[in-house]
Amino acid sequence: MKKVIALMASPNKGKNTDTLVDKFLEGISDSGEKVEIKKYVIRDMNIGFCIGCNYCEKTGNCFQDDDMNELYEAFDSSDGIILGSPIYFGGITTYGKLMIDRCQIYWSSKYVLGESSIDRGKKRFGAFISTVGAPEKYSNFTGSQQVASVFFKSINTEQNQAIYVANTDEQKTWENAELLEDVYQKGKAFFEGF
């Protein structure tokens, strides 16, 4: 059985980004793969800020004892990791960035200590799903694409899907049947080539 986790970084429950992540997960569930899916709603979790203390450079772990410990375990055991975040001022939301910054332990363990805190031999696929209210012409996804790419690399995950949907102020994702079907089909294909 494959394990999939969804990291819900939107502050708005059930809105544009959450709708797309849920549809993508529905596709994964209907793909014929045996999967166990767990959603983490980051806004509801107790995760402290990375304070740049470099504790992880000495130990490979973070000194903070909070809900991030559950995510560290989930990253290591997962086969699929879905990150969903709307764009706020050209980037991933504060909730998403809060979690991603705490992944500094992986960089420190790999490149400072020389011993990875995450299983580097395990194959993982990742998907980044993002929405923005502004029209597409503004290139609002550029900053978030870079952050998502570094996040997936840090947790030894191959990002094989990216879904970017602009202009959600005008067209809500849940009102766009064609978009929902496309996202569903991408979810069904998520583990192809695994």
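The values are calculated or read from the model by the stated rules, or taken from the named source; none is laboratory data. On a predicted model such as this, the values are computed, not experimentally measured, just so you know. Ideal geometry is used to build each Cβ from the backbone, glycine not excepted, and the neighbour counts take in all protein chains shown.
Within the range 14-36, can one find any residue that is assigned to a loop (DSSP other than H, G, I, E, B) and within 22 Å of Thr131 (Cβ to Cβ)?
yes
Those residues that are hydrophobic (A, V, I, L, M, F, W, C) and either closer than 21 Å to Glu181 by Cα or modelled with pLDDT under 95 (or both), I need them from the range 19-47; list them, please.
Result: Leu20, Val21, Phe24, Leu25, Ile28, Val35, Ile37.
Need pairs with beta-carbon distance below 7 Å; first residue in contact (Cβ under 8 Å) with a residue 40 or more places away in the chain and within the range 164-185, second surrounded by fewer than 17 Cβ atoms within 10 Å (Cβ to Cβ) and not in a helix (DSSP H, G or I); sequence gap 6+ or separate chains.
Final answer for the pair search is Thr168/Gly133.
Name, by its number, the condition in (1) part of a loop (DSSP other than H, G, I, E, B); (2) crowded, with 16+ Cβ neighbours inside 10 Å; (3) in contact with a Phe, Trp or Tyr (Cβ under 7 Å, 6 or more places away or on another chain); (4) of a type outside the set (Asp, Glu) that does not hold for Phe63.
Failing condition for Phe63: (2).
Pick from the range 27-47 the residues that are surrounded by 15 or more Cβ atoms within 10 Å (Cβ to Cβ) and over 18 Å from the mean Cα position of the chain (by Cα): which of them is farthest from Lys188 (Cα to Cα)?
Checking each candidate, the answer is Glu33.
Conditions (1) within 17 Å of Gly84 (Cα to Cα); (2) in contact with a His (Cβ under 9 Å, 6 or more places away or on another chain); (3) surrounded by 13 or more Cβ atoms within 10 Å (Cβ to Cβ), marked per residue:
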| position | (1), (2), (3) |
| --- | --- |
| Lys110 | no, no, yes |
| Lys123 | no, no, no |
| Ser139 | no, no, no |
| Thr142 | yes, no, no |
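Which of the numbered conditions does Phe125 fail, given that it passes all the others? Conditions: (1) without any contact (Cβ under 8 Å) to a residue 40 or more places away in the chain; (2) out of contact with any Cys (no Cβ under 9 Å at 6 or more places or on another chain); (3) not small (Gly, Ala, Ser).
Result: Phe125 fails condition (1) only.
So which pairs qualify, if the first residue must be in the range 44-68 and in contact (Cβ under 8 Å) with a residue 12 or more places away in the chain, the second must be of a type in the set (Val, Ile, Thr), the Cβ gap must be under 8 Å, and the two must be at least 6 apart or on different chains?
From the range 44-68, the pairs are Cys56/Ile105; Glu57/Val112; Gly60/Ile105; Asn61/Ile105; Cys62/Ile105; Asp66/Ile47; Asp67/Ile47; Met68/Ile47.
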